[in-house]
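The values are calculated or read from the model by the stated rules, or taken from the named source; none is laboratory data. In this text, all values refer to a predicted model and were calculated from it rather than measured experimentally. FYI the Cβ positions are ideal-geometry reconstructions off the backbone, even for glycines, and counts take in every protein chain you see. These area figures cover heavy atoms from the full protein model, side chains too; ligands, DNA and RNA do not enter into them. Shrake-Rupley method; radii C 1.70, N 1.55, O 1.52, S 1.80 Å.
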Amino acid sequence: MKNFKVFSPAERLSDLQKDVLADFLVKELGEFGDQKKDVVSCLEYAMTSEKGPGGLVITAGEFPLLEAALVVNHTGMAGYIPEHILVYFAVSENLRGKGLGQEMMKFLLGKLPGGIALHVEPNNPAIHLYEKLGFTNKYLEMRLSR
């Protein structure tokens, strides 16, 4: 079993760790990711309970040489909206297909009670892992960006 590190508002990432993690997520998510400023905003939300319920970050590997990472934000809701949103999840390209992603997801599922939502592009190969773990496609997401 891989040794995962968990960060939360109680045990926060340092500013340097946030920067390294944001760079890792932008690089490894590629076309399925967001701009660094948006990743940093998500990390800041996850690491504070002052702006909302916060969240958690799980990493594999040691900073600055990360192997995988995921970011979950808590919604503070239940039932009609899942309690948690898996916002970012990436495994280093050279480690994909070796079981690390599945192991990390199982670790996450063991840590969080309640429902978890995530968004995945239809052409993202990770969709197969999520389905294997029991995630289903409940809605077609629509957004109004302003």
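Points worth noting:
- Cut-off 12 Å (backbone N to label point 7 Å along Cα→Cβ of LEU95), residues of the range 1-37: 2-5
- Between the beta carbons of GLU62 and LYS138, assuming R0 = 30 Å, the FRET efficiency works out to 0.25 to the nearest 0.05.
- Electrostatic dipole magnitude of the chain [Cβ: Lys, Arg +1; Asp, Glu -1; Cα centre; debye, to 20]: 260
- Spatial extent of the chain: Rg and Dmax, with the Cα atoms as the point set, Å: 14.5, 44
- For the residues GLU93, GLU28, a 1.4 Å probe over the protein chains yields an accessible-area ranking, largest first, of GLU93, GLU28.
- Note on the range 54-109: Cα convex hull, mean projected area over all directions, 4.4 nm².
- Where the chain is the region considered: accessible area per residue in Å², 1.4 Å probe: 62
- The average projected area of the range 91-131, computed from the convex hull of its Cα atoms over all directions, is 3.3 nm².
- Between GLU11 and SER41, the C-beta separation translates, for a Förster distance of 22 Å, into a calculated FRET efficiency of about 0.65.
- Placed amide H near ALA68: partners under 5 Å, 5+ positions off or other chain: ALA60, SER92
- Amide proton proximity set for GLY54, modelled H, under 5 Å, gap of 5+: HIS74
- Rounded to the nearest 10 Å², the accessible area of HIS74 at probe 1.4 Å: 40
- Centroid-to-centroid separation of the range 95-146 and the range 23-61 [C-alpha atoms, Å]: 15
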